[in-house]
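Asks: Take a look at this one; I'll ask things after.
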Amino acid sequence: MKRIAIFASGSGSNAEKIAEYFAPNPDVEISLILTNNPQAGVIQRARKLHLPVVVFDRKSFYETNRILQLLQNQHIDLVVLAGFMMLIPEALVAAFPNRIINIHPALLPKFGGKGMYGDFVHEAVVAASEVESGITIHYVNERYDEGVIIFQASCPVEPTDTAANVAHKIHALEHQHYPRVVEEVLNSL
Ligand code: GAR
């Protein structure tokens, strides 16, 4: 049995797709959904899927080992960031080498780094008149959006596209690919 923990700060549509994808698989368990945001939509989605939720605050994340110990006590094999907006503390990266992955809503190294998340990314893509955007799934290190890239997929950006249009296309790509790539990474452990 492989055990996954998913971190999410927002709506949680990617977390839900991953949970649905693995639901029929007896060898994989989504053991925990973790969020730093008590208002996050992911909490309702997790309840609907009968998945345990842990809400934590910034102080306990950066100044204590609570989350690290929780992941270790639960024997988590892979940490999946799905719309999680905080930098992962060094101790956590060190404890899970090549076992934390993230999805970024652009074609890294473009449109990455601090402050580049969620809709800010799509607004920047439209403002720069890009002709394409996409998704990047990568290993996580102690810097924003810089770990080794595992997978990318792209989509066209039309001159008439708004940031909301781009967000819609990107979410479709994410839902199509992230669960499958999580499975590939899991199988490689
Ligand atoms: C996704 O588009 C994900 O790529 C992005 O947040 C969105 C979360 O959507 N992540 C980042 O920007 C991380 N830097 P969701 O809550 O519906 O899964």
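The values are calculated or read from the model by the stated rules, or taken from the named source; none is laboratory data. Note that the coordinates shown come from a computational prediction; the quantities given were computed from them, not determined experimentally. In this analysis, Cβ positions are derived from the backbone assuming ideal geometry, glycine residues included, and neighbour counts consider all displayed protein chains. When the accessible area is computed, the model is the full protein with side chains, heavy atoms only, and any ligands, DNA or RNA have been set aside. Shrake-Rupley method; radii C 1.70, N 1.55, O 1.52, S 1.80 Å.
Asks: Return yes or no: is F120 in a helix (DSSP H, G or I) and within 15 Å of the ligand (Cβ to nearest atom)? Working first, answer last.
Replies: Values: in a helix (DSSP H, G or I): yes; within 15 Å of the ligand (Cβ to nearest atom): yes.
When the stated conditions are applied, F120 passes them.
Asks: Quick check: anything in segment 107-127 aliphatic (A, V, I, L, M), touching an Asp or Glu at 6+ places or on another chain (Cβ under 8 Å) and open to solvent by less than 20 Å² (accessible area, probe 1.4 Å)? Step through it out loud before you land on a result.
Replies: Residues of segment 107-127 that are aliphatic (A, V, I, L, M), as a first pass: 107-108, 116, 121, 124-127.
Checking which are touching an Asp or Glu at 6+ places or on another chain (Cβ under 8 Å) leaves us with 107-108, 116, 126.
Filter once more, keeping what is open to solvent by less than 20 Å² (accessible area, probe 1.4 Å): 108.
Among the residues of segment 107-127, at least one is aliphatic (A, V, I, L, M), touching an Asp or Glu at 6+ places or on another chain (Cβ under 8 Å) and open to solvent by less than 20 Å² (accessible area, probe 1.4 Å), which makes the answer yes.
Asks: Report every pair of residues separated by at least 6 positions or lying on different chains whose Cβ atoms are under 8 Å apart, first residue within segment 107-118 and touching a residue at least 12 places away in the same chain (Cβ under 8 Å) and among the aromatic types (F, W, Y), second outside any loop (DSSP other than H, G, I, E, B) and crowded, with 16+ Cβ neighbours inside 10 Å.
Replies: From segment 107-118, the pairs are F111/V121; F111/A124; F111/V125; F111/S133.
Asks: Might you check whether a residue that is at pLDDT below 95, within 12 Å of the ligand (Cβ to nearest atom), surrounded by fewer than 19 Cβ atoms within 10 Å (Cβ to Cβ) and closer than 23 Å to F120 by Cβ occurs anywhere in segment 9-31? Spell out how you get there, then give the answer.
Replies: Looking only at segment 9-31, we keep the residues that are at pLDDT below 95, and these are none.
Within segment 9-31, none of the residues are at pLDDT below 95, within 12 Å of the ligand (Cβ to nearest atom), surrounded by fewer than 19 Cβ atoms within 10 Å (Cβ to Cβ) and closer than 23 Å to F120 by Cβ.
Asks: Examine segment 61-81 for a residue that is aromatic (F, W, Y), open to solvent by 10 Å² or more (accessible area, probe 1.4 Å) and within 10 Å of the ligand (Cβ to nearest atom), and state whether such a residue exists.
Replies: no
Asks: Would you please name the residue that is nearest to the ligand (Cβ to nearest atom), looking only at residues in segment 82-112 that are in a loop (DSSP other than H, G, I, E, B) and among the charged types (D, E, K, R)? Don't jump to the end; show me each part of the working.
Replies: Of segment 82-112, the ones in a loop (DSSP other than H, G, I, E, B) are 82-89, 96-99, 105-112.
Checking the rest, the ones that are also among the charged types (D, E, K, R) come to 99, 110.
Details: R99: 18, K110: 13 Å.
Across segment 82-112, the extreme among qualifying residues is K110.
Asks: When you scan segment 131-189, how many residues do you find that are assigned to a helix (DSSP H, G or I), more than 10 Å from the ligand (Cβ to nearest atom) and over 29 Å from D27 (Cα atoms)? So that I can check it myself, show each step before the final result.
Replies: Start the filter on segment 131-189 by keeping residues that are assigned to a helix (DSSP H, G or I), which leaves 163-188.
Still in the list and also more than 10 Å from the ligand (Cβ to nearest atom): 163-166, 168-169, 172, 176-177, 179-188.
Right, trim to over 29 Å from D27 (Cα atoms) and you get 163-166, 168-169.
Of the residues in that region, 6 qualify.
Asks: Can you tell me which residues in segment 158-172 are within 16 Å of V131 (Cβ to Cβ) and open to solvent by less than 50 Å² (accessible area, probe 1.4 Å)?
Replies: Hits for segment 158-172 are D161, A163, V166, I170.
Asks: For segment 40-52, give me each residue that is in contact with a strand residue (DSSP E or B) (Cβ under 6 Å, 6 or more places away or on another chain) and surrounded by 16 or more Cβ atoms within 10 Å (Cβ to Cβ). Let's see the steps before the verdict.
Replies: We begin by selecting, within segment 40-52, every residue in contact with a strand residue (DSSP E or B) (Cβ under 6 Å, 6 or more places away or on another chain); these are 42-43, 46, 51-52.
Within segment 40-52, V42, I43, A46, L51 qualify.
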